[in-house]
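Enquirer: Got a structure here, written out as structure tokens. Questions coming.
Throughout, read-outs are computed from the coordinates displayed, never taken from laboratory work. The shown structure was predicted, so the numbers you read here are calculated from the model rather than taken from an experiment. Note that we place each Cβ from the backbone using ideal geometry, even for glycine, and neighbour counts take in every protein chain shown.
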Amino acid sequence: MKIYTKTGDAGETGLFGGGRVPKDDPRVQAYGDVDEANAAIGFAASLAPQSFESSLIQTIQRDLFTIGAELATPDPTKLAKALARSGTTINASDVGALEDVIDKHEAKLLPLKNFILPGGTPKAAAFHVARTVCRRAERSVVALARDQKINASIIHYLNRLSDLLFVLARAVNMQTGHDDIAW
């Protein structure tokens, strides 16, 4: 099977479960932004120290694939079949798991009294980039949700994920001896 199909050459793409829409459709924008966030998180994971929260990051990346599948499948019947294969959907317990990790790391970090400049180690800087991409994905999903029914937990998850990425940037800086730089 070839990677290219030429079916998108006219500016349309196929949705998971059938149907075609323009490539600038809000649904495509939303799952494309989630995919970009996933890639940014993968880049952050590849940087030293690679062992830093590696299991958590893989779980998040799998969750983002699930979110992408949910967003790319507008037909509820086809979505149920697709998710039955993976046995999962994003829900409140996934959001709670992110909150637990945030709380664990924040307990070790100095309280913030100022905004901080994004940066520090390459891994922390990559987490900050991933955070901003995640915020864009969240905005795209919110825009999609205005006109189409989506799983509300997706918005909650992306909102909490961007908070977690901020905390992970601070935590990896602390672990490697880099102080936050106040604005």
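Enquirer: If contacts are Cα pairs under 8 angstrom and at least 6 residues apart, what is the relative contact order of the chain in percent?
Expert: This gives 28 percent for the chain.
Enquirer: If I fit a long axis through the Cα atoms of helix 76-86 and take the longest principal axis of the Cα atoms of the chain, what angle between them do I get, 0 to 90°, rounded to 10?
Expert: Approximately 50 degrees, to the nearest ten.
Enquirer: Taking only pairs that are 8 or more places apart or on different chains, how many Lys pairs in the stretch 24-175 have Cα atoms under 24 angstrom apart?
Expert: Lysine pairs, 8 or more places apart or on different chains, close enough: 6.
Enquirer: Lys and Arg at +1, Asp and Glu at -1: add these up for the other residues within a Cβ distance under 12 Å of ASP25 and post the number.
Expert: Result for the local shell: 0.
Enquirer: Right, here's the next one. So which chymotrypsin sites (Phe, Trp or Tyr not before Pro) in the stretch 107-181 end up in coil per DSSP with only 14 or fewer other C-beta atoms within 10 Å?
Expert: Here the sparse-neighbourhood loop sites are PHE115.
Enquirer: Over what distance in Å are the Cα centres of the stretch 50-64 and the stretch 71-148 separated?
Expert: Measuring centre to centre over Cα atoms gives 12 Å.
Enquirer: Report the relative contact order of the stretch 131-176, percent, no decimals, based on alpha-carbon pairs under 8 angstrom and at least 6 residues apart.
Expert: Here the relative contact order equals 53 percent.
Enquirer: Still on this model: If you place +1 on the Cβ of every Lys and Arg, -1 on the Cβ of every Asp and Glu, and leave all else neutral, what size is the dipole of the stretch 24-175 about its Cα centre, to the nearest 20 Debye?
Expert: 160
Enquirer: Still on this structure, I have one more. Amide H of THR13: which non-local residues (sequence gap of 5 or more, or other chain) have their own amide H closer than 5 Å, using H built in the peptide plane?
Expert: The answer is VAL21, LYS23.
Enquirer: Next up: In which sequence would SER51, SER140 go, from the one with the fewest C-beta neighbours within 10 Å to the one with the most?
Expert: Result, fewest neighbours first: SER51, SER140.
Enquirer: Give, as ranges by residue number, the residues of the stretch 114-136 whose backbone N falls under 12 Å from the point 7 Å along Cα→Cβ of ALA48.
Expert: 122-123
Enquirer: Right, next: Taking the chain on its own, what percent of its Cα-Cα pair distances exceed 21 Å?
Expert: So the pairs more than 21 Å apart make up 52 percent of the total in the chain.
Enquirer: Once you put a point 7 Å from the Cα of ALA145 and another 7 Å from the Cα of ASN114, both along the Cβ direction, what distance in nm separates them?
Expert: With each label placed 7 Å out from Cα toward Cβ, I get 3.4 nm.
Enquirer: Just to confirm the number: angle between the C-alpha axis of helix 26-46 and the first principal axis of the chain, 0 to 90 degrees, nearest 10?
Expert: Helix 26-46 sits at roughly 40 degrees to that axis.
Enquirer: Calculate one ³J(HN,Hα) per residue across the stretch 137-145 by plugging θ = phi - 60° into the Karplus curve 6.51 cos²θ - 1.76 cosθ + 1.60, and present them in order as whole Hz with x for glycine and proline.
Expert: 4, 4, 4, 5, 5, 4, 4, 4, 5
Enquirer: Output wanted: per-residue J couplings in Hz (rounded whole) for the stretch 95-103, from phi through Karplus 6.51 cos²θ - 1.76 cosθ + 1.60, θ = phi - 60°, x for Gly and Pro.
Expert: Result, rounded to whole Hz: 5, x, 5, 5, 4, 4, 5, 4, 4.
Enquirer: So, one more: Short version: ³J(HN,Hα) in whole Hz for each residue of the stretch 111-121, in order, from phi by Karplus 6.51 cos²θ - 1.76 cosθ + 1.60 (θ = phi - 60°), x for Gly and Pro, what are they?
Expert: Whole-Hz 3J(HN,Hα) from phi for the stretch 111-121: x, 7, 10, 9, 5, 10, 7, x, x, x, 5.
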